[in-house]
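Readers should treat all values here as calculations from the given coordinates under stated rules, not as data from a laboratory. Computed from a prediction, not measured in an experiment: that's the story for all the values here. Cβ sites come from the backbone with ideal geometry, for glycine too, and all protein chains shown count toward neighbours.
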Amino acid sequence: MRITHTMLQNNMLNNLFKSQAQMEKYFTQIYTGKKISRPSDDPVIAMKGMGYRTQVTEVEQFRRNALDAWNWMDHSDDVLDKATKAVQRMEYLAVQAANGSYSEDERISVMKEVEQLQEQLVELANTKVNGKYIFNGTNTDKPPINPTPDENGKYHVTFGDGDGLDEIFPVQIEISKGIKIPINVSPEGIFDQELFDNINGFINALKNDDNVAEGEATIDDSIEALNKSMLNIVNGRAELGARMNRVELIEDRLAEQEIIAKDTMMKNEGVDFEEAVTNLLTQEVIHRAALSAGAKIIQPSLIDFLR
């Protein structure tokens, strides 16, 4: 086959273009830090990368969910701590008022403090975080306790089957694949109607100087009732603490999973900079050698002879 001048020229140009494409490939790897810039460069790496990226995204979302869970639980724990102190103070006042040595003015002072503590409990039970009531389950737009007392100064709950209106459903957040944790504390057994009935009975006993009607609670009765309510709050806080410990363990595992997932994704997609730089320099040498050889192989044209 006769090799023409045009064939030599075209072959040289094609090879030079291929060489330039290789240099552009290595330069892009160094610039972007990625082995490939489009799926067609390496479909296997691209497919694996999609899976690894999805895994990283999931772990990052679970970590954000865990942060939301911590925010809700931390507020709940703080509220229960303050509620425990408030009920403890009421119990202490009940013990003091039950000794029979308090004057009427002293009982009235105790009653006023208990009323303030009761209002504080209502405010605690109706705590809102990011515009949501945290002690009313999924009914986050409604307070668990009616903030306005009735004509007798008695507060009423707005949940459950008793005086309440809404059933309590737990607020659950998925903080790991297939693992959902209830993050709220139910008001049932803690900020329930029994608690406010006990406080109201204590206030009436103080108001009437313990001369209560038959069937109504005395100050002595209030001591036992308030102690029971305090233990309910403590038990609720202990149960919340157990869930917080579990969330902490899961969060630690998620942090490790995120590191592993990102490292695996980087090994799959990330470029070895030392190797890429070496390849670029090597390709540059090859390209210069090809230019030099091509200049010698291509025969002079007629124009060169006419100079």
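Between helix 219-269 and the chain there is an angle of about 0 degrees, using the helix long axis and the longest principal axis of the Cα atoms. Bridging of residue 82 to aspartates and glutamates at a Cα separation below 12 Å is possible for 123, once same-chain residues fewer than 8 apart are set aside.
GNM, the chain, Cα, under 10 Å: largest mean-square fluctuation among 285, 87, 129? Comparing 285, 87, 129 in a Gaussian network model of the chain, the most mobile one is 285.
Extending 7 Å from the Cα toward the beta-carbon at both residue 248 and residue 47 defines two label points whose distance is 4.4 nm. The separation of segment 248-283 from segment 52-98, counted between C-alpha centres, amounts to 37 Å. When Rg and Dmax are taken over the Cα atoms of segment 104-259, they come to 19.1, 68 Å. Think of the chain as having a plus end and a minus end, set by charges on the Cβ of Lys, Arg, Asp and Glu; of 21, 84, 268, 21 sits farthest toward the positive end of this dipole. Please give the FRET efficiency for residue 289 paired with residue 263, using the beta carbon to beta carbon distance and R0 = 35 Å, rounded to the nearest 0.05. Here the calculated transfer efficiency is 0.35.
Residue pairs exceeding 31 angstrom between C-alpha atoms, taken from 85/207; 34/177; 132/207: 132/207. In the chain, helical runs assigned H by DSSP with n ≥ 4 each contribute -39500 (n - 2.57); averaged across all residues and rounded to the nearest 500, the mean residue ellipticity at 222 nm is -23500 deg cm²/dmol. Multiplying the residue separation of residue 151 and residue 54 by 0.36 nm and removing their Cα-Cα distance gives an extension gain of 29.1 nm. Would you list which lysines come within 19 Å of residue 18, measuring only between C-alpha atoms, while excluding same-chain residues fewer than 8 positions from it? Within reach: 35.
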